[in-house]
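Written out below as structure tokens is the structure these notes cover.
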Amino acid sequence: MKGDPLLDVTGLSKSFGGVKAVDGIDFQLKENEVMGVIGPNGSGKTTLVNLLTGFVTPDSGRIQYRGQDIAGLPPYQVADRGVARSFQMVKPFYALSAFKNLVVPLQSPRVRRLTGGKFGDRDAVAKDLLEEVGFERDSSVITQTASSLPHGYLKRLELAKCIALQPDLFVLDELFSGLSLAEVAGIVPVIEKLVAGGATIIMVEHRLRELFRIADRVMVLNFGCKIAEGPPETVMEAPEVRSAYLGSEAEG
Ligand SMILES: Nc1ncnc2c1ncn2[C@@H]1O[C@H](COP(=O)(O)OP(=O)(O)O)[C@@H](O)[C@H]1O
Ligand SMILES: [Mg+2]
């Protein structure tokens, strides 16, 4: 229902052996909100992404998406419901071109459903998406195999694959890592345009300056627990955040 949260997460937990990677996290996300997720290395950010998108099954807790519990659903079913994720460690089909990598989500049941079969020119849509994330149209970067593409292109391909799915919720895991300042500057407006178009986004990010410009709210994790949540302007002021997050940054 309108006004209900798009996502309502309660008591979400996952351990690996003795490590509590995600330890009883609660949060809500409203439609069209952008929530940043930050925290030191190993604080559970990627595990949270994996839990939300079906790549890891929670030990306990609930993930209500549009009022239905999606915890434990396989990734393809989560994606089919409109949750798209990008990978911190990029995961293209390496043997396919960037262009063909996009044809895969463009042929998904979700996109077929959303377009009612009237898809138009799929090849043109794939090229438009690649251009949108900074690939030079009609150059070899869109047709060479992903295995031969520089890292910056592979990160941007991650975002294009997500957009291709026409998701309601984007879960982006360190999209900016490994990108040059110029590449980040090129991607930020793409994300802003998604938000203007109604997208809801969870952004795990190390690049705080850029994140804080985009995010409405920031959640801070440390050792799998939420230690703070608030607007980007003030969230870093909490003493727990300073010692946990900045302390570890200072150590490198
Ligand atoms: N598949 C796994 N098997 C064992 N331990 C894991 C696995 N995934 C994550 N972990 C551990 O869980 C903790 C959180 O990791 P991760 O979610 O990747 O953190 P972050 O993304 O914040 O750097 C770390 O201690 C990490 O070693
Ligand atoms: Mg991570």
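The values are calculated or read from the model by the stated rules, or taken from the named source; none is laboratory data. Nothing here was measured: the structure is a model prediction, and the numbers come from that model. Glycine also receives a Cβ, built like all others from the backbone with ideal geometry; neighbour counts cover every protein chain displayed. Side chains included, ligands, DNA and RNA excluded: accessible areas come from the protein's heavy atoms. Shrake-Rupley method; radii C 1.70, N 1.55, O 1.52, S 1.80 Å.
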Open item on the list: Checking Val188 against (1) touching a residue at least 40 places away in the same chain (Cβ under 8 Å); (2) under 26 Å from Glu136 (Cα atoms); (3) open to solvent by less than 20 Å² (accessible area, probe 1.4 Å), only one condition comes out false. Which one?
Closed with: (1)
Task: Index of the failed condition, Gly17 passing every other in (1) touching a strand residue (DSSP E or B) at 6+ places or on another chain (Cβ under 6 Å); (2) within 16 Å of ligand 1 (Cβ to nearest atom); (3) small (Gly, Ala, Ser) - done: (1)
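Can you tell me which residues in region 194-217 are in contact (Cβ under 8 Å) with a residue 40 or more places away in the chain, more than 14 Å from Val49 (Cα to Cα) and away from ligand 2 (no atom under 16 Å from the Cβ)? Break it down into steps so the answer makes sense when it comes.
Applying the first criterion (in contact (Cβ under 8 Å) with a residue 40 or more places away in the chain) to region 194-217 yields 195, 198-206, 208, 211-212, 214-217.
From what's left, more than 14 Å from Val49 (Cα to Cα): 195, 198-200, 206, 208, 211-212, 214-217.
Those that are in contact (Cβ under 8 Å) with a residue 40 or more places away in the chain, more than 14 Å from Val49 (Cα to Cα) and away from ligand 2 (no atom under 16 Å from the Cβ): Val195, Gly198, Ala199, Thr200, Phe212, Ile214, Ala215, Asp216, Arg217.
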Open item on the list: Give me the residue from region 204-224 that is surrounded by fewer than 18 Cβ atoms within 10 Å (Cβ to Cβ) and hydrophobic (A, V, I, L, M, F, W, C) and, out of that set, farthest from Lys155 (Cα to Cα).
Closed with: Phe223
Open item on the list: I'd like to check something: does region 156-169 contain any residue that is farther than 21 Å from Gly197 by Cβ, at pLDDT 95 or above and not aromatic (Phe, Trp, Tyr)?
Closed with: no
Task: Failed criterion for Ile70 (all others in (1) more than 30 Å from Ile142 (Cβ to Cβ); (2) open to solvent by 10 Å² or more (accessible area, probe 1.4 Å) hold) - done: (2)
TODO: Would you check if Met236 is surrounded by fewer than 18 Cβ atoms within 10 Å (Cβ to Cβ) and touching a Phe, Trp or Tyr at 6+ places or on another chain (Cβ under 9 Å)?
DONE: yes
TODO: Of the conditions (1) closer than 20 Å to Ala215 by Cβ; (2) in a helix (DSSP H, G or I); (3) more than 16 Å from ligand 1 (Cβ to nearest atom), Pro167 clears all except one; give me its number.
DONE: (2)
TODO: May I ask you to list the residues in region 205-231 that are at pLDDT 95 or above and in a loop (DSSP other than H, G, I, E, B)?
DONE: Glu205, Ala215, Asp216, Phe223, Gly224, Pro231
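Among the residues of region 135-144, write down those that are open to solvent by 30 Å² or more (accessible area, probe 1.4 Å) and either touching a residue at least 12 places away in the same chain (Cβ under 8 Å) or part of a helix (DSSP H, G or I) (or both).
Residues of region 135-144 open to solvent by 30 Å² or more (accessible area, probe 1.4 Å): 136-140, 143-144.
Within region 135-144, Ser140, Thr143, Gln144 meet the criteria.
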Task: Spans of helices (runs of 4 or more DSSP H) in region 36-117 with at least 2 residues within 13 Å of ligand 1 (Cβ to nearest atom) - done: 45-52
Open item on the list: For region 1-16, which positions are at pLDDT 95 or above and either open to solvent by 70 Å² or more (accessible area, probe 1.4 Å) or farther than 19 Å from Thr57 by Cα (or both)?
Closed with: Leu6, Phe16
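Would you check if there is a residue in region 114-130 being under 20 Å from Ile187 (Cα atoms) and aromatic (Phe, Trp, Tyr)?
Here is the first cut: in region 114-130, the residues under 20 Å from Ile187 (Cα atoms) are 125-130.
Restricting the remaining residues to those that are aromatic (Phe, Trp, Tyr) gives none.
No: region 114-130 contains no residue that is under 20 Å from Ile187 (Cα atoms) and aromatic (Phe, Trp, Tyr).
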TODO: Being closer than 17 Å to Leu96 by Cβ, surrounded by fewer than 17 Cβ atoms within 10 Å (Cβ to Cβ) and either more than 16 Å from ligand 2 (Cβ to nearest atom) or over 13 Å from the mean Cα position of the chain (by Cα) (or both) narrows it down to one of Ser147, Ser180, so name that one.
DONE: Ser147
TODO: Collect the residues in region 23-49 that are within 12 Å of ligand 2 (Cβ to nearest atom) and in contact with a strand residue (DSSP E or B) (Cβ under 8 Å, 6 or more places away or on another chain), keeping them in residue-number order.
DONE: Val37, Ile38, Gly39, Pro40, Ser43, Gly44, Lys45, Thr46, Thr47, Leu48, Val49
